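Taking it in order: structure first as structure tokens, then the write-up.
The values are calculated or read from the model by the stated rules, or taken from the named source; none is laboratory data. Computed from a predicted model, the values in this text were never measured in an experiment. Using ideal geometry, Cβ is built from the backbone for each residue, glycine included, and neighbour counts are taken over all protein chains shown. With ligands, DNA and RNA removed, areas are computed over all heavy atoms of the protein, side chains included. Shrake-Rupley method; radii C 1.70, N 1.55, O 1.52, S 1.80 Å.
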Amino acid sequence: MKVLYIVGVGRSGSTLLERVLGAQPGWVNAGELNALFSRVARQDQRCGCGTPFSECPFWVGVGARAFGGWDEVTEQVSRLQPRVVRQRYVPRLLSGAMAPAARRELDAYLDVHARLYRALAEVAGAEVVVDASKSTAQLFALRRIEGLDLRVLNLVRDPRGVASSWSKSGIRKPQSRDGESMGTYSPHRLAVLWAALQAESSVLGSAAAHATRVRYEDLVAAPRTTVERALREVGLPAGPGALDHVGDTSVDLGPSHGVAGSRTRFLHGRIELHLDDAWHTALPPVSRRVVTAITLPQLLAHGYVGSAAARAGSGSGSGTAR
């Protein structure tokens, strides 16, 4: 089973990238699978095709093939997930040092995901599943699935743009059916989270046989060349015509069955991509300085500061048409 896992911080464009990758022949984008049991199935959220999860023929087929239906496994995984893949458990996932009871819970959790990936590939007729869960804790766990060919793509966005986005309140979850709003983070808390996740992503990337990093700013500025490079670096180069839906400044996307994610999930047709550097004025100066100070080593490493060219391209990307 080949799985391309996108790791990163939310509001970084993972939904857009996941859909671009999943539109290739022989690929399927599944969305944020770490939200599948805890939120999507339990709340009957809308699939990317616009249909409620419980009524979507694709997901009904996946559930039937993998588990004989969703009800029992949804309750099981909803109980297990906070016990095995929370961020605080990354050290034990990395070292493997855990009590027998915790190991049994982790094994049960991983068995569910192995069956899920296999069913997704079979129902979609795909060779590669794109999982945009983003969580490093989830990725540390998935590495333990025997026989899983896991490729890692670290999607990075300037943390000041991410902090600005996460500080906005009252943004409705587009997949929610009850008007639920997306959560918020204070800029300093987001900066700490971003820095920690990037450090963990570096560990994961160095340990993976196939891994790469993509800046969202580059994806938006030059989608075709950025995706082609990323695919080569994860050992899954695009075949002839596989990226015909990706242009120099836009992408052309049809509906898919990905779950969770941003409002980009429900945009169809030609999507023009534009750099959006609104954080330069939207993020208060004090917050901007705090985020910069906390994340400075990685800002330098990823080319967001340190040169005029980096500063000119450090606007956060937007996957929506203007």
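At an R0 of 30 angstrom, the distance between the Cβ atoms of Gln87 and His274 translates into a FRET efficiency of 0.35.
Counting residues in the chain as N, plug N into 2.2 N^0.38 Å and put the Cα Rg over that result. Write out the running numbers ahead of the final one.
Values: Rg = 18.8 Å, N = 322, 2.2 N^0.38 = 19.7 Å.
Normalised Rg, Cα atoms only: 0.95.
For the pair the range 220-260 / the range 31-52, the C-alpha centres are spaced 24 Å from each other.
Computed over the chain with a Gaussian network model linking Cα atoms closer than 10 Å, the most mobile of Ser202, Ser95, Ser164 is Ser95.
Of the residues Trp279, Trp166, the one with the largest accessible area comes first in the ranking Trp166, Trp279, computed with a 1.4 Å probe on protein heavy atoms. Accessible area of Thr249 (1.4 Å probe, protein heavy atoms only, ligands and nucleic acids ignored): about 70 Å².
Answer rounded, prolate or oblate for the range 44-195, using the Cα gyration tensor with square roots of eigenvalues a ≥ b ≥ c: rounded when a/c is under 1.5, else prolate when a/b is larger than b/c, else oblate. Oblate, because a/c is 1.5 or more while a/b does not exceed b/c. Nonpolar atom fraction for the chain, defined as the carbon and sulfur part of the 1.4 Å probe accessible area, stands at 51 percent. Determine the shape class of the range 1-114: with a ≥ b ≥ c the square roots of the Cα gyration tensor eigenvalues, call it rounded for a/c under 1.5, and otherwise prolate if a/b is greater than b/c, oblate otherwise. Oblate, since a/c reaches 1.5 and b/c is not below a/b.
What shape does the range 122-267 take by its C-alpha gyration tensor, where a ≥ b ≥ c are the square roots of the eigenvalues and a/c under 1.5 counts as rounded, a/b above b/c as prolate, and the rest as oblate? Provide the component values of the computation, followed by the final result.
Working: a/c = 1.43, a/b = 1.20, b/c = 1.20.
In terms of gyration-tensor shape, rounded.
If r is the Cβ-Cβ distance from Ala196 to Glu146 and R0 is 35 Å, what FRET efficiency results, to the nearest 0.05? Provide the component values of the computation, followed by the final result.
Numbers: r = 28 Å, r/R0 = 0.81.
So, using R0 = 35 Å, E works out to roughly 0.80.
Inverting the pair-averaged 1/r between distinct Cα atoms of the range 1-45 gives 11.7 Å as its Kirkwood hydrodynamic radius. The DSSP beta bridges internal to the chain are antiparallel in roughly 30% of cases. Measuring with a 1.4 angstrom probe and ignoring ligands and nucleic acids, Asp277 comes out at about 90 Å² accessible.
Stretched out straight at 0.36 nm per residue, the stretch from Arg103 to Thr249 would grow longer than its current Cα-Cα span by 47.9 nm. Label-to-label distance for Ala207 and Arg115 is 2.6 nm, based on points extended 7 Å past Cα in the beta-carbon direction. Solvent-accessible area of His280, all protein chains in place: 70 Å² (probe radius 1.4 Å, heavy atoms, ligands and nucleic acids excluded).
Using Cα pairs under 8 angstrom and six or more residues apart, how large is the relative contact order of the chain, in percent?
On the way: 579 pairs, mean separation 88.4, N = 322.
Reported as a whole number, the value is 27 percent.
Sorted largest first by accessible area at a 1.4 angstrom probe radius, with every protein chain in place, the residues Phe58, Phe37 fall in the order Phe58, Phe37.
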